Amino acid sequence: MKKKLFLLSFILVVFFSIPTNIFAMTPTFDNDAKFNRGVSNVCYYVDNSVAGYTNYINDALYNWVDTGYGWNPIYVTPVSSNYATHMDFYGVHEHSGDTIIGNGVLGYVSYFDINSILITEPPNEPTRDYFYTEIKFNLDDIYKPNIVFRHEIGHAFGLRHSNTPYSIMYYNVDDMQVTTVQKEDHDTINYLYN
């Protein structure tokens, strides 16, 4: 009996002394598609069409930089033109000829290669790494912009929709239980870009 108790104690001590790095992750795109230039100096451009929401965009980007969950590789810089940027932000009206905005779509991301060739038709996910993104927002339905901007930026960084309402990447803004980038979103950035 003493041998069994000693063996059980030994196994428990060994088990609990093994270091673990368990973390949750937001789903990523197939093939872990992401910015092929990394995210250590993300230059972004805010078009005049969405300039009234610049503070929301800046707040959303800086929430991705400083999530409150430790270090991540993201650093952002605003620029005055869309030349060689990572992210370009635009506002679109529902009746502008855009075939995606409207019918409840609050925003979407398009992914381009270095030659400005669209990788996949929006709202489809990128099939490979990309050079820059265009993020478009529905100007006729700017609903919960602090959440929507963070969410669409997450897609630009390479994150898919999450099935948990405790992620900024949850697919339904009305049922989302958070308003900022969460640990699982933060951990996914570190997975993709480290």
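The values are calculated or read from the model by the stated rules, or taken from the named source; none is laboratory data. Quick caveat, the model's predicted, so the values are computed rather than measured. Backbone-built Cβ (ideal geometry, glycine too); neighbour counts: all protein chains shown. These accessible areas exclude ligands, DNA and RNA; they are computed on the full protein's heavy atoms, side chains included. Shrake-Rupley method; radii C 1.70, N 1.55, O 1.52, S 1.80 Å.
In degrees from 0 to 90, rounded to the nearest 10, what is the angle of the helix 2-17 Cα long axis to the longest principal axis of the chain?
Value to nearest ten degrees: 20.
Order the following by accessible area, largest value first: TYR83, TYR111, TYR53. Probe radius 1.4 Å; ligands, DNA and RNA are ignored.
TYR83, TYR53, TYR111
Determine the order of THR127, THR99 by accessible area, beginning with the largest, at a probe radius of 1.4 Å.
Most to least solvent-accessible, the answer reads THR99, THR127.
Just to make sure I understand: if all protein chains stay in place, what is the order of THR179, THR28 by accessible area at 1.4 Å, largest first?
Greatest to least solvent exposure: THR179, THR28.
In whole Hz and in residue order, list the ³J(HN,Hα) couplings for the range 142-151 that follow from phi through the Karplus curve 6.51 cos²θ - 1.76 cosθ + 1.60, θ = phi - 60°; x for Gly and Pro.
So the J values, rounded to whole Hz, are 7, 10, 6, x, 4, 7, 4, 5, 4, 4.
With Kirkwood radius over Cα pairs in Å in mind, check [x] 17.9; [y] 20.9; [z] 16.7 and report the label derived from this structure.
[x]
Could you grab the relative contact order for the chain? Cα pairs under 8 Å, six or more apart, rounded to a whole percent.
Relative contact order for the chain comes out at 28 percent.
Enumerate the amide H contacts of ASP88 below 5 Å, restricted to partners 5 or more residues apart or on another chain; note that Pro and chain-start residues carry no placed amide H.
Under 5 Å from the amide H of ASP88 lie the amide H atoms of TYR45, THR133, GLU134, ILE135, each far enough along the sequence or on another chain.
Between GLN177 and ILE100, with labels modelled 7 Å along Cα→Cβ, what's the label distance in nm to one decimal, could you check?
2.9
Return the FRET efficiency for the residue pair THR54, ASP30: r is the Cβ-Cβ distance, R0 is 25 Å, and the value is rounded to the nearest 0.05.
0.15
In nanometres, what is the gap between the two model label sites at PHE112 and ARG37, each 7 Å from Cα along Cα-to-Cβ?
1.1
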